[in-house]
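The values are calculated or read from the model by the stated rules, or taken from the named source; none is laboratory data. The model shown is predicted, which means the values in this text are computed figures rather than measured ones. Here the Cβ positions follow ideal geometry from the backbone for every residue, glycine too, while neighbour counts run over all protein chains shown. All accessible areas refer to the heavy atoms of the entire protein, side chains included, with ligands and DNA or RNA removed. Shrake-Rupley method; radii C 1.70, N 1.55, O 1.52, S 1.80 Å.
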Amino acid sequence: MEIVTTKLNDEGLAPHISEAHLLMDACLLAGEILMANGSEITRVEDVILRIGRAAGIEKIQVYALLNAITVSFPTQGLTQMRAIPPRIQTMDMEKIVAVNDLTRKFTAHKIVLTDLYDCLEKIDVTIPTFPVWLQVLAATSVSVPLMVMLTRTAAPINLGLTTVSSCLAYTIYLAIRSRFNMRYFALFVASLMISLIMLVSSHLLKSPFDPDIVIVGAIMPFVPGVALTNAVREIMAGNFISGQGRIIEALLSAASVGLGIALLSFFY
């Protein structure tokens, strides 16, 4: 019986194998960046399909979940999965835009595969996270206008307390999340701080101070609006597994905030 062996290290096969694997890594890396920074499943699959087809892989198959992406090149006999740890998932629209721009350039044949992969690897370095003080300032600038819009009141004491409460709570949230990677616990402690400030203020201040009005504004940066929107979009697109997962994430966030506020609300 004749024994046939396949030499994967053959010089003739090596360039093709390396290119296919590089393309696979580029697809998985693009999907990982998108998923880890808050993109919906439909966008992740679309980007990977566009990259694969632009490189000549017409029968590329993609299956994405919230914590994993599987890509297959049936003709080339390659299949690979990449896990996405839940703890690294956040919300960064700038990185999503950067991946989309690179995908457009690659599909328009303005950059080659090696350049695409190198640029994808550098996204986390070239697009740094905003400094803490700027994130806190942004959270505060969201809290006060929404408090005025939703409650139709603008008493100076309520405006001042909303600013202080939102600033302290968001600082605590960022500190706990960056140190311990515990998002729901960070939301709970931040909301508990808002409730504690209201408890102290209710014993020191009188009308027109209203703790309910201040709480409405202070919790605005923690409301999972984007998460709920993405969950609805996932379900409408037919991705029921990921849609339900995102809804659970949003409900857990809302429950953490609500529990932190409710624990001390009975005392003021």
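Quick notes
- Prolate/oblate/rounded call for region 64-118, Cα gyration tensor, a/c under 1.5 rounded: oblate
- Counting heavy atoms of the protein chains alone, Asp212 has an accessible area of about 100 Å² for a 1.4 Å probe.
- Thr70-Met149 FRET efficiency (beta carbon distance; Förster radius 41 Å; 0.05 resolution): 0.40
- Within the full protein context, the accessible area of Phe130 is estimated at about 120 Å² for a probe radius of 1.4 Å.
- Exposed GluC sites (Glu not before Pro) absent: longest stretch of the chain, with sites in DSSP loops and at most 16 other Cβ within 10 Å deemed exposed: 59-268
- The modelled label-to-label distance between Lys122 and Ala108, using points 7 Å beyond Cα along the C-beta direction, is 1.9 nm.
- Taking Cα atoms only, the orientation of helix 41-54 departs from the longest principal axis of the chain by about 30 degrees.
- Largest-first ordering by accessible area, 1.4 Å probe, given options Lys95, Lys110: Lys110, Lys95
- Cβ-defined net charge surrounding Ile194, 15 Å radius [Lys, Arg +1; Asp, Glu -1]: -2
- Subtracting the Cα-Cα distance of Thr79 and Asp212 from 0.36 nm times their residue separation leaves 42.4 nm of extension gain.
- Computed [θ] at 222 nm, helices only, for the chain once each DSSP H run of length n ≥ 4 contributes -39500 (n - 2.57): -22500 deg cm²/dmol
- Probe 1.4 Å - accessible area at Phe222, Å² to nearest ten: 10
- Computed from label points 7 Å out along Cα-Cβ, the spacing between Phe130 and Phe240 is 3.8 nm.
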